[in-house]
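Here is the structure we will look at.
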Amino acid sequence: MFDIVFWILAAVTVGAALAVVFLRDVFRAALCLVFLFFTIAGIYITLHADFLAVVQVLIYVGAISILIIVAIMLTREVWRGSPSGRLRIPALVVGLLLLGMLMFTAMSTKWHISDVPPQEPTTTAIGAGLFGDGGFLLPVEIAAVLLLAAVLGAIVLIREK
Amino acid sequence: MIVSELHLMTPELSLLGFALVVILLDLFIKQKKVLAGVSIAGLIVSAGFTLAMWGAPTIDIFYAMLAVDRFALFFKFLLLAAAGLIILASQDYVSKFERFQGEYYALVLISAVGMMLLTAAADLISIYVALELSGISLYVLASFLKDQKSTEAGLKYLLLGAVASAVLLYGMALVFGLTGKTCLLCIADVVETMPIAGLLDNPALLLGIILLAAGFGFKIACVPFQMWVPDVYEGAPTPITAYLSVASKAAGFAVIVRVFFVALGAPSWLSIDWGILFAILSAITMTLGNVVAIVQTNIKRMLGYSSIAQAGYLMVGLATVGVAVGADALGRSGLLFFLMSYAVTNLGAFIAVIAISNKIDSDLIGDYTGMGKRAPLLAVALTLCLVSLIGLPPTAGLIAKIYIFNAAVHHGLLWLVIVAVINSCISAYYYLRVVKVMWLGAPVSEEKVPSSWALRASLSLCCLGVLLLGVIPGSFVGMAEAAVRIFGS
């Protein structure tokens with residue numbers, strides 16, 4: 001059952017990603033990107049990562065997509081679409097090479113497969129992992145400073161010259 | 001949370017506290033020079049805490065997220081010194097953006113906090129977050145002027161930095177997928193006992209190493225991840241350019257040494273493999289940096305390419321660390337000593353450029369003609385730093401090069417040292433061209449080039465450092481060796 005769902009989601013994800021790259025109209029590309037974020041959230045659900053899926057929808061589908069669309073609306077001459085670059089062919093070659101390399105790596109490596117059943121719900125485990133003993137409390141705190149730096153930066157960058 | 005471990009983070013915490021004080025004071029205080037003073041005070045307090053911890057035993061704190069060892073403390077001290085000199089050197093520059101001086105100083109301090117955490121981080125997660133903390137602050141600082149070039153610099157730095165972060169994360173994900181751990185020592189335990197005989201048998205580890213090297217390579221600006229350097233260095237405010245070329249690079253080298261040496265330093269074939277990888281990148285990096293630097297007419301771009309070349313020399317040290325398989329510390333301490341001397345030399349060169357360019361309002365080498373008569377002291381200082389960048393006596397550059405190349409020859413990297421020596425000769429051409437223009441050219445005008453006391457103070461500190469490291473290197477070598485001894489070799 002999960003296999004079928006996964007393959008359908010995977011095919012749709014790849015299709016949406018290709019559409020983002022190939023569509024000339026920036027707005028349609030952005031909408032495809034939103035769709036792509038949704039299908040990724042679906043893949044997270046098939047992997048029992050419920051919290052991650054919700055966060056994906058909230059942040060990417062909810063916030064980032066709005067940001068992208070507003071940015072497009074504020075851009076002048078958007079109807080011209082994305083211009084075709086001179087580096088199209090080299091980019092294609094490099095992209096395909098990278099794809100081949102990553103696929104070869106993923107297929108040929110013997111990954112450790114955990115025999116522990118997936119946790120449900122994951123939120124308690126994530127909370128304990130972030131704030132509990134032996135957890136990632138320090139990176140969380142550093143991330144808080146990171147946000148401070150980002151806010152400072154935003155204030156500086158939107159100032160009048 | 002282990003509250004008792006907080007006192008081991010005092011250098012970072014105090015500096016962060018001072019950054020917040022600077023932002024708040026900015027609201028009340030009219031006299032903005034006070035903010036620079038408070039920032040310097042913060043750096044001194046933080047340096048004091050760092051010094052106080054020098055003798056303490058090595059431990060990992062916050063569940064092995066940060067390592068408190070001499071290696072990290074050495075780099076923290078270096079970064080604090082660099083940030084202090086940058087703030088002193090910014091005095092003339094900040095008048096260009098009157099209203100946002102508080103944010104400028106605060107961002108410099110916060111990025112220093114990020115880099116200090118980066119040099120101490122002992123876990124892939126904390127490494128990544130610290131990297132982003134220093135990165136975000138530097139993206140903003142690069143575009144601080146808000147003119148066309150500065151904005152372009154900031155945007156290019158942001159976009160390429162984001163790509164580099166993504167590549168780095170992919171590498172980390174592969175390493176994590178293979179080992180199931182994020183802490184560097186745990187990764188080392190797993191990798192050491194892997195039942196494989198070479199990297200080709202294990203494509204995931206190979207790709208992980210390549211992607212990690214690529215992600216960190218952006219930070220130290222080695223080929224082929226150097227494309228951002230000339231544009232960003234040219235467009236960013238000059239003090240920030242100097243900061244990028246010294247502090248950001250030093251932090252990058254620190255994190256590379258820690259990740260590769262601690263997590264991937266055993267078994268020996270693995271160490272030799274990445275040593276060779278860095279050796280090849282090193283040869284390409286210094287050659288490209290030096291050859292392209294020859295044709296530059298803008299001094300900031302020239303120093304940009306020169307810093308790429310210097311990264312190439314530094315990577316000779318990295319290659320030595322890998323090839324030596326941790327058997328002795330000479331290679332690593334050579335790297336640290338080179339970083340020390342590169343920091344004072346490059347900062348000195350950039351501060352002299354700030355002083356001159358700010359007054360003549362041009363970054364073109366051609367406009368430096370006759371500077372020996374218009375501003376003799378500045379010209380002497382710049383000459384000294386350029387001579388040190390070539391590696392001639394009696395400066396720090398010579399000792400640093402001898403030290404790092406000697407270690408490389410010792411471990412069978414003779415070919416790389418030959419490439420490096422040829423490169424040093426090429427570099428003499430474009431460094432000495434600036435010297436020639438300054439001393440032999442006829443001045444365009446008789447007008448003197450005045451500079452503030454803060455600039456002169458920071459410049460003399462740098463020149464003093466260049467000479468001290470060049471004439472009596474013994475005690476500094478001892479410091480560098482003490483700093484690497486903690487890696488139980």
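Here the range B:267-489 yields Rg over Rh of 1.02, to two decimals, using C-alpha coordinates and the Kirkwood radius.
Dividing the summed -39500 (n - 2.57) terms of all DSSP H runs of n ≥ 4 by the residue count of chain B sets its mean residue ellipticity at 222 nm at -24500 deg cm²/dmol.
Can you list the residues in the range B:94-115 whose accessible area drops by at least 30 Å² when all protein chains are present, compared with the chain alone? Use a 1.4 Å probe, heavy atoms only. So the qualifying set is B:Phe100, B:Glu103, B:Leu107, B:Ile110. Using only Cα positions of the protein assembly as shown, each an equal point scatterer, no hydration layer, compute I(q)/I(0) via Debye at q = 0.07, 0.10 Å⁻¹ and quote the log10 values to two decimals. Debye output, listed in q order: -0.46, -0.97. From the helices alone, meaning DSSP H stretches of at least four residues, give me the mean residue ellipticity at 222 nm for chain A, per-run term -39500 (n - 2.57), in deg cm²/dmol to the nearest 500. The helix-only estimate for chain A comes to -22000 deg cm²/dmol at 222 nm.
Note on the range B:187-218 and the range A:1-67: Cα centroid distance 30 Å, given to the nearest whole angstrom.
Of interest is the spacing of the C-alpha centroids, which for the range B:410-486 and the range B:131-157 amounts to 27 Å. Compared with the direct C-alpha span, the chain from A:Arg76 to A:Ala19 gains 18.2 nm at full extension, assuming 0.36 nm per residue.
Protein-only accessible surface at a 1.4 angstrom probe places the residues B:Ser388, B:Ser95 in the order B:Ser95, B:Ser388, largest first.
Counting only alpha carbon atoms, the long axis of helix B:10-28 and the longest principal axis of chain B meet at about 40°. A 1.4 Å probe, protein heavy atoms only, puts the accessible area of A:Tyr44 near 60 Å². Rounded to the nearest 10 degrees, the inclination of helix B:70-89 to the longest alpha-carbon principal axis of chain B is 20 degrees.
Residues B:His7, A:His48, A:His112, ordered by accessible area of protein heavy atoms at a 1.4 angstrom probe radius and largest first, appear as A:His112, B:His7, A:His48. Shown in residue order for the range B:116-126 are the 3J(HN,Hα) couplings computed by the Karplus curve 6.51 cos²θ - 1.76 cosθ + 1.60 at θ = phi - 60°: 5, 5, 4, 6, 9, 5, 10, 8, 4, 5, 5 Hz (x for Gly and Pro). Database remark: amide H of B:Asp60 closer than 5 angstrom to the amide H of B:Val68 (H placed geometrically; neighbours at sequence offset of 5 or more, or on other chains; Pro and chain starts carry no H). Our summary of shape: the Cα atoms of chain B have principal axis extents of 73, 54, 42 Å, ordered from largest down, in whole angstrom. Of the cross-linked pairs B:Lys30/B:Lys156; B:Lys181/B:Lys249; B:Lys359/B:Lys401; B:Lys76/B:Lys436; B:Lys32/B:Lys76; B:Lys146/B:Lys448, which ones have a Cα-Cα span greater than 32 Å in the structure shown? Table pairs above 32 Å Cα-Cα are B:Lys30/B:Lys156; B:Lys359/B:Lys401; B:Lys76/B:Lys436. The solvent-accessible area of B:Trp439, taken with every protein chain present and a 1.4 Å probe, is close to 100 Å².
Measuring only protein heavy atoms, the 1.4 Å probe finds B:Ile125 accessible over about 60 Å². When the charge dipole of chain B is built from unit charges on Cβ atoms (+1 for Lys and Arg, -1 for Asp and Glu) and taken about the Cα centre, the candidate among B:Ile2, B:Ser111, B:Ala188 whose Cα reaches farthest toward its positive end is B:Ser111. Once the Cα atoms are used to define both axes, helix B:414-440 deviates from the longest principal axis of chain B by about 10 degrees.
Computed on protein heavy atoms with a 1.4 Å probe, the accessible areas place B:Trp228, A:Trp111 in the order A:Trp111, B:Trp228, largest first.
The values are calculated or read from the model by the stated rules, or taken from the named source; none is laboratory data. No experiment lies behind these values; they were computed from the predicted model shown. Neighbour counts are summed over all protein chains in view; Cβ atoms, including those assigned to glycine, are modelled from backbone coordinates with ideal geometry. Ligands, DNA and RNA are excluded from the accessible area calculation, which covers all protein heavy atoms including side chains. Shrake-Rupley method; radii C 1.70, N 1.55, O 1.52, S 1.80 Å.
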